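First the structure, in the form of structure tokens, and then the observations on it.
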Amino acid sequence: MSPLPSPCPHVQAFADGSTGWLVLNRPDRRNALNAAMWAAVPAVMDVLAGIPDVRVIVLRGAGSEAFAAGADISEFGDARNDAAAAARYEQLNGAAFAAIRGCTKPVIAMIQGFCIGGGLAIALAADIRIADRSARFALPPARLGLAYPLDGLRDLVATVGAAAAKEMIFTARRLTGEDALAVGLINRLADDIVVETQALCEDIAEGAPLTITHAKRAIDMIAGRPGAIDTDHVHELAARCFDSADYAEGRAAFAEKRKPRFSGR
């Protein structure tokens, strides 16, 4: 993997062929996110999204103990000690979620171990979530007395529905990988998460990038996810597909009974 620039050592970026990796790298704190990490996520996502060869981005935590055990609660005494401070903090992590959600390329959260609070919010901002059997999920705001951000709730409801979202928030109950799969919180429960994630990335990379971007934007609009584009923009993306060289390549490959070679143009 080729390392890429990052403004924070606890958020690393790598490119490996058609796959980009964003790694939350604070394993001594179970990859809990501090303010510097939240601030770094949009910059790192921009770097990965700007690499033409990268077709899909994977989010993961360093090591296997945690994807991310949430926001760094030790900062809350200063960063979220009243409503005004909490609003400033939510702008910071909200920008991180928006950068993940708004990426034109598919984003996969690869989840091992603890995926709690803000860590789960990051995973929910992704398009697809894969977990292994070590994964544990929870949303604990009711145990801390804080209000969960509205955009995070929209992501949660778009993923699991209103009833399951309410139960997760009301109870703060910890979910296993099997529980998460049952309520639709994750797409897959993998026995070998690295192999399965890499295989999924390869499948996605073979698709036409403009078609995938259109589908991502259209589905997010239909699901009511935060930051979703309007119908006119969706139609513009659809027209771009039909006017693209990739559409001509797809038709030619079908006629010639060969695998298409898409360029994203």
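With r as the distance between the Cβ atoms of Ala172 and Ala83 and R0 = 22 Å, compute the FRET efficiency 1/(1 + (r/R0)^6) and round to 0.05. Working from the Cβ atoms, E equals 0.50. About its Cα centre, the chain has a charge dipole of approximately 180 debye under the convention of +1 per Lys or Arg Cβ and -1 per Asp or Glu Cβ, with nothing else charged. As a ratio to 2.2 N^0.38 Å, the alpha-carbon radius of gyration computed for segment 107-265 takes the value 1.22. Under the rule a/c < 1.5 gives rounded, and otherwise a/b versus b/c splits prolate from oblate, where does segment 173-212 land using the Cα gyration tensor? Oblate is the answer for segment 173-212, as a/c is 1.5 or above yet b/c matches or exceeds a/b. The modelled label-to-label distance between Ile51 and Arg188, using points 7 Å beyond Cα along the C-beta direction, is 2.1 nm. Here segment 9-140 is treated with +1 on each Lys and Arg Cβ and -1 on each Asp and Glu Cβ, and its dipole about the Cα centre works out to around 280 debye.
Counting charges near Ala95 (Lys, Arg +1; Asp, Glu -1) among other residues having Cβ under 12 Å from its Cβ returns a value of -1.
Ordering Ala158, Ala172, Pro106 by Cα displacement along the dipole of segment 89-177 toward the positive end leaves Ala172 in first place; charges were set at the Cβ atoms of Lys, Arg (+1) and Asp, Glu (-1). Relative intensity of segment 183-265 on a log10 scale, I(q)/I(0) at q = 0.10, 0.13, 0.16, 0.22 Å⁻¹, equals -0.35, -0.58, -0.80, -1.04, per a Debye sum over C-alpha point scatterers of equal strength in the absence of solvent.
Normalising the average separation of contacting C-alpha pairs (under 8 angstrom, six or more residues apart) by the number of residues puts the relative contact order of segment 180-251 at 22 percent. With bins 10 Å wide beginning at 0, the percent of Cα pairs of segment 217-265 falling in each bin runs 26, 33, 29, 12, 0. Figure note: Met1, Met221 ranked by solvent-accessible area, largest first, 1.4 Å probe, ligands and nucleic acids not counted: Met1, Met221.
For the chain, the share of accessible area belonging to carbon and sulfur comes to 56 percent (1.4 Å probe, ligands and nucleic acids excluded).
Looking at segment 1-78, the pairs of alpha carbons with a distance over 20 Å make up 30% of the total. When we measure straight from the Cα of Lys105, which lysines land under 29 angstrom away, once same-chain ones fewer than 8 places off are left out? Qualifying lysines at Cα under 29 Å: Lys216, Lys257, Lys259.
Distance between the 7 Å Cα→Cβ label points at Ala253 and Arg133: 3.6 nm. The fraction of all Cα pairs in the chain landing in successive 5 Å bins from 0 to the largest distance is 1, 6, 13, 17, 19, 17, 12, 8, 4, 2, 1, 0, 0, given as whole percents.
Here the extension length gained between Ala162 and His235 equals 23.4 nm, from 0.36 nm per residue of separation less the Cα-Cα distance.
Taking every DSSP beta bridge with both residues inside the chain, roughly what % is antiparallel (nearest 5)? Of those bridges, close to 35 percent are antiparallel.
Here segment 113-164 is treated as a Stokes sphere of Kirkwood radius computed over C-alpha pairs; at 10 °C and 1.306 mPa s its diffusion coefficient rounds to 136 µm²/s.
Restricting to segment 60-179, what percent of DSSP beta bridges are antiparallel, rounded to 5? Mind showing how you got there, number by number?
Values: 2 of 11 bridges.
Among the beta bridges of segment 60-179, antiparallel pairing accounts for roughly 20 percent.
Net charge dipole, segment 118-244: roughly 700 debye, given to the nearest 20, about the Cα centre with Cβ charges of +1 for Lys and Arg and -1 for Asp and Glu. Based on the Cβ-Cβ distance from Asp179 to Glu65, what FRET efficiency comes out when R0 is 25 Å, to the nearest 0.05? Result of the calculation: an efficiency of 0.80.
The values are calculated or read from the model by the stated rules, or taken from the named source; none is laboratory data. None of the values given here were measured: they were computed from a predicted structure. A quick note on method: Cβ atoms are made from the backbone with ideal geometry, for glycine too, and the neighbour counts reach across all protein chains shown. Protein only, heavy atoms only, side chains kept; ligands, DNA and RNA dropped before computing areas. Shrake-Rupley method; radii C 1.70, N 1.55, O 1.52, S 1.80 Å.
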